[in-house]
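Every number in this text was worked out from the coordinates using simple rules, so none of it is lab data. Quick caveat: nothing in here was measured; it's all calculated off a predicted structure. For neighbour counting, all protein chains shown are included, and Cβ atoms are generated from backbone atoms with ideal geometry for every residue, glycine included.
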Amino acid sequence: MADRAGHQSRRLTSPPVLLALLLAWAGAAGAASLTAAVRTSAGAPVKDAAIILEPTGRTPPPVRARATIEQRDREFIPYLSIVRKGTSIEFPNHDPVKHHIYSFSPAKVFEIKLYAGKSVNPVVFDKTGEVVLGCNIHDWMAAHVLVVDTPWFAKTGADGLARIDGVPAGTYRLRLWHPRQKVATPDRDLSLGAAVRRIEFTVDLTPRLIVPKPPLDAGGY
Ligand SMILES: [Cu+2]
């Protein structure tokens, strides 16, 4: 009896153990990584390029995400935010002066009138697309929000590199977007397996408009 019970108990427990092992293996084997290297045609690394992987099949359900765009030294930080559709963004003002921020972009029209400190309510970015932010008081202030419908995205650093990890194996449409790209980059279809894929892009940019900031105490704003 004892043998039979032991045998039965082994038979009962082995399938879940096997399943767990199988899932662990599939998880490890199924997670792909993508590295994108973005340069200008002259070979300079391109910072703030958005790299987006959109699954051709099912998109994972959105989660309630939050993001922050600060105002510091009369600039928006960061210059580019990539967020998933439905993300709430807060706009804390760390400056000793007020800001009045706005967007007229179709993907999100809003304004937060003259305020200091914490902004009143977070703004929910509920449509995909490109949003340009400005400030009514400080003309040189500019920032960009790219709203996407996928959890797999990254932006390039000063070295022109971006990496996306933990992507399930499958087929994707790879997009590149930069706020100042001269020409739109065509999307690429690619299939990701377990290995790290490296993709290179060449993107030429219009120069960033630099408007000198008046000293804080001279203009008083
Ligand atoms: Cu401002």
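Explain nothing, just compute: Karplus ³J(HN,Hα) = 6.51 cos²θ - 1.76 cosθ + 1.60, θ = phi - 60°, for every residue of region 60-68 in order, whole Hz, x for Gly and Pro.
Couplings: x, x, x, 10, 6, 9, 10, 8, 9 Hz.
Which value, in nm² and rounded to one decimal, describes the direction-averaged projected area of the C-alpha convex hull of region 30-208?
10.4 nm²
For LYS182, which lysines qualify as cross-link partners when the Cα separation must be under 19 Å and same-chain residues fewer than eight apart are set aside?
Those lysines meeting the cut-off are LYS47, LYS155.
Would you be so kind as to identify which of ALA67, PRO55, ILE77 lies farthest towards the positive end of the dipole of region 38-85, taking Lys and Arg as +1 and Asp and Glu as -1 on Cβ and the Cα centre as origin?
The residue sitting most towards the positive pole is PRO55.
Can you tally the net charge around VAL196? Count Lys and Arg as +1, Asp and Glu as -1, for every other residue whose Cβ sits under 10 Å from the Cβ of VAL196.
Value of the local net charge: +2.
What ranking of TYR102, TYR172 emerges when the number of other C-beta atoms within 10 Å of each C-beta is taken as an exposure proxy, fewest first?
TYR102, TYR172
Tell me, what HN-Hα J-couplings in whole Hz come from the Karplus equation 6.51 cos²θ - 1.76 cosθ + 1.60 at θ = phi - 60° for each residue of region 148-165, using x for Gly and Pro?
Whole-Hz 3J(HN,Hα) from phi for region 148-165: 10, 10, 7, x, 9, 7, 7, 10, 6, x, 4, 7, x, 10, 9, 9, 10, 10.
Using alpha carbons only, how many angstrom separate the centre of region 119-164 from the centre of region 71-99?
Each part reduced to its Cα centre gives a spacing of 9 Å.
Can you put PHE153, PHE125 in order of Cβ neighbours within 10 angstrom, beginning with the fewest?
So the ranking, lowest neighbour count to highest, is PHE153, PHE125.
Could you please rank LYS47, LYS213, placing first whichever residue has the fewest other Cβ atoms within 10 Å of its Cβ?
Listed from fewest to most nearby Cβ atoms, that is LYS213, LYS47.
Using the charge dipole of region 30-208 (Lys, Arg: +1 at Cβ; Asp, Glu: -1 at Cβ; taken about the Cα centre), state which of PRO151, PRO122, ILE112 has its Cα farthest towards the positive end.
Looking along the dipole axis, the top candidate is PRO151.
Which residues' amide hydrogens lie under 5 Å from the amide hydrogen of LEU80, considering only partners 5 or more residues apart or on another chain, with H built in the peptide plane?
Under 5 Å from the amide H of LEU80 lie the amide H atoms of HIS144, each far enough along the sequence or on another chain.
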